[in-house]
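The values are calculated or read from the model by the stated rules, or taken from the named source; none is laboratory data. Please read these numbers as outputs of a predicted model, since none were measured by experiment. Neighbour counts run over all protein chains shown; Cβ positions are idealised from the backbone, glycine included.
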């Protein structure tokens, strides 16, 4: 599908993807914060696994690795969910296209 500017007719049109960027970043931050708040469970699981394999040293390392992994997993899940929501916003709500020729922003008409 070739997108052209409804204002000037130019084919020099780019997608802005503002919704996906903002919602993805917000989801990443929210997911990381949520996971950090509940990382105690990840730390306990890591400590149990670490203690089973490496004794007292594994207990400390395992709890740290478990907490970090919980934060990363939560951040990734939040970021993906936010990006999907932002993609829907870009498609259905926001003026996601910008003409490089005249600067006009618009949503393409679906026929």
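Worth pointing out:
- When residues of the range 15-57 are limited to those that are part of a loop (DSSP other than H, G, I, E, B) and either free of Cβ contacts under 8 Å to residues at least 40 places away in the same chain or within 14 Å of the chain's Cα centre (by Cα) (or both), the one farthest from residue 98 (Cα to Cα): 38
- Candidates 54, 48, 83, 67, filtered to the one that is at negative phi and modelled with pLDDT of 90 or more: 83
- Tabulated pairs, the range 3-14, first assigned to a loop (DSSP other than H, G, I, E, B), second modelled with pLDDT under 95 and surrounded by fewer than 12 Cβ atoms within 10 Å (Cβ to Cβ), C-beta under 6 angstrom, 6+ apart or interchain: 4/11
- One residue from 38, 34, 10 being touching a strand residue (DSSP E or B) at 6+ places or on another chain (Cβ under 7 Å) and surrounded by fewer than 20 Cβ atoms within 10 Å (Cβ to Cβ): 10
- Filtered residues of the range 89-111 (kept if under 30 Å from residue 34 (Cα atoms) and free of Cβ contacts under 8 Å to residues at least 12 places away in the same chain): 91, 92
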